[in-house]
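The values are calculated or read from the model by the stated rules, or taken from the named source; none is laboratory data. Just so it is clear, the structure is predicted and the values come from calculations on it, not from any experiment. Using ideal geometry, Cβ is built from the backbone for each residue, glycine included, and neighbour counts are taken over all protein chains shown. Side chains are part of the model used for accessible areas, which takes the heavy atoms of the whole protein and leaves out ligands, DNA and RNA. Shrake-Rupley method; radii C 1.70, N 1.55, O 1.52, S 1.80 Å.
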Amino acid sequence: MSEQTTPTTAVAPPEPPATTSSVAEAAPQSSLRRLLGGPVGRNAGLVVALLLIVVVGAVTAGDTFFQVSNMLTILRQASIIGVISVGMTLVITAGGIDLSVGSVMGLASIAATLAVAQDLAENSHWTVMVGIALAVGLAAGLVNGVVIAYGKVVAFMATLAMLVAARGLAEILAERRTLVVESRGFIEFMNADFLGVDILIWIFALVAAGGWLILNRTTFGRRTVAIGGNREAARLAGIDVRRHTMWLYAIAGLCAGIAAVMILGRTTAGTSTHGTLYELDAIAAVVVGGTLLVGGRGTITGTVFGVLIFATLTNVFVQNNLSSSVQAVAKGIIIVIAVLLQQRFSKPTGSRE
């Protein structure tokens, strides 16, 4: 009889259990990373940055900085670029970009102050000028959306083309002249205040609140985040990605039209130079606020803080008689730091704030 042997298998020795000290070290690091990368950490960082700039302003500019009139000036300066930034936030959250908002704003301001538009306003009501500006902004945004979504043109190139075309069309319509707003009713309304706060600031607050509700409390907002997180997965889930993209750019154009109305109220004149480089300021505010450039996460709250940070910083420089060149350098440094922090602590997890 042959001997019966039992097959043996090699068993790897068990790994030594993690020590209590290593687990204790890893847990705080993981918690800290989650906190810094989460909405609470990002917004807290923005608040701290804003407070630091305020402290610098108080120290260098003295009592002038904390005057109510100066605080309102900061908010007023932030309001126009803030409205554009809200639309930009939605576009970037979906993984897009819009370089044309500044030029569209200039075109809308010209369209609203043409002689025919002002004649219509005089014969009916000044809100006709507002409607024309909003319609032009919406139409330009729709053109961007159709070209990008259905024409399958890269967003960067499509909106760059609109940037050039809208600015050129504004110059043609205005014949390179500044068109003065004649409607006294429009000027009086746009320069009025409510509860001691300028109408421009109220408009910014309403647009920001509307943007927050759209992004955080609607199906449209959830689909925007989903498209930015994974476009193909969103399509397979049944989202009409092309139509949604088209409306996102339409909203960005509408925000540019609203900003055109605001700049008309502030300057009482339409010109093709309105909105020059505003698209870059808007993108900077959105990125500093915590919205990922690659899409998949957007935050209207962070964008508002980003706009306020740059507006306050500009005010501090003006109070201290520093040149615009120094301001540009400071803005560049802030943008680079914000992007580095995004790379360090952020991932496109499909979150909204």
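You will find that of Ala205, Ala250, the residue that is assigned to a helix (DSSP H, G or I) and open to solvent by less than 10 Å² (accessible area, probe 1.4 Å) is Ala250 and no other.
If you check Val294, Val304 for being in a helix (DSSP H, G or I) and in contact (Cβ under 8 Å) with a residue 60 or more places away in the chain, only one passes: Val304.
The condition (being under 18 Å from Ser103 (Cα atoms) and of a type outside the set (Gly, Ala, Ser)) is satisfied by just one residue among Leu236, Leu264, Leu292: Leu264.
Per the conditions (1) aromatic (Phe, Trp, Tyr); (2) within 28 Å of Glu122 (Cα to Cα); (3) open to solvent by 30 Å² or more (accessible area, probe 1.4 Å), the sole criterion not satisfied by Phe186 is (3).
The residues on offer are Gly185, Gly145, and the sole one that is touching a residue at least 40 places away in the same chain (Cβ under 8 Å) and either in a loop (DSSP other than H, G, I, E, B) or under 23 Å from Leu293 (Cα atoms) (or both) is Gly145.
Quickly run through segment 154-181 and pick out the residues that are more than 22 Å from the chain's Cα centre (by Cα) and not in a helix (DSSP H, G or I). Don't jump to the end; show me each part of the working.
As a first pass, look at segment 154-181 and keep what is more than 22 Å from the chain's Cα centre (by Cα): 165, 168-181.
Within segment 154-181, Glu175, Arg176, Arg177, Thr178, Leu179, Val180, Val181 qualify.
If a residue must be touching a Ser or Thr at 6+ places or on another chain (Cβ under 8 Å) and open to solvent by 30 Å² or more (accessible area, probe 1.4 Å), how many such residues does segment 215-228 contain?
0
Mind checking which pairs have a first residue in segment 318-343 that is under 29 Å from Gly62 (Cα atoms) and part of a helix (DSSP H, G or I) and a second that is open to solvent by less than 90 Å² (accessible area, probe 1.4 Å) and of a type in the set (Ser, Thr, Tyr), Cβ under 8 Å, 6 or more apart or different chains? Cβ pairs passing all conditions: Gln319/Thr60; Gln319/Thr64; Gln327/Thr314. Looking only at residues of segment 189-202 that are at pLDDT below 90 and outside any loop (DSSP other than H, G, I, E, B), we find that the one that is surrounded by the fewest Cβ atoms within 10 Å (Cβ to Cβ) is Phe194. Note on segment 265-279: residues that are out of contact with any Gly (no Cβ under 6 Å at 6 or more places or on another chain), within 14 Å of Gln77 (Cα to Cα) and not polar (S, T, N, Q) total 2. Any residue in segment 25-38 that is modelled with pLDDT of 85 or more and either closer than 30 Å to Gly295 by Cα or open to solvent by less than 40 Å² (accessible area, probe 1.4 Å) (or both)? Within segment 25-38, none of the residues are modelled with pLDDT of 85 or more and either closer than 30 Å to Gly295 by Cα or open to solvent by less than 40 Å² (accessible area, probe 1.4 Å) (or both). Of the residues making up segment 307-336, those that are modelled with pLDDT of 80 or more, surrounded by 12 or more Cβ atoms within 10 Å (Cβ to Cβ) and out of contact with any helix residue (DSSP H, G or I) (no Cβ under 7 Å at 6 or more places or on another chain) number 1. What are the pairs, 6+ residues apart or on separate chains, where a residue within segment 53-81 that is loosely packed, with under 14 Cβ neighbours inside 10 Å has its Cβ under 8 Å from a residue that is of a type in the set (Gly, Ala, Ser) and at pLDDT 90 or above? Filtered contacts from segment 53-81: no entries.
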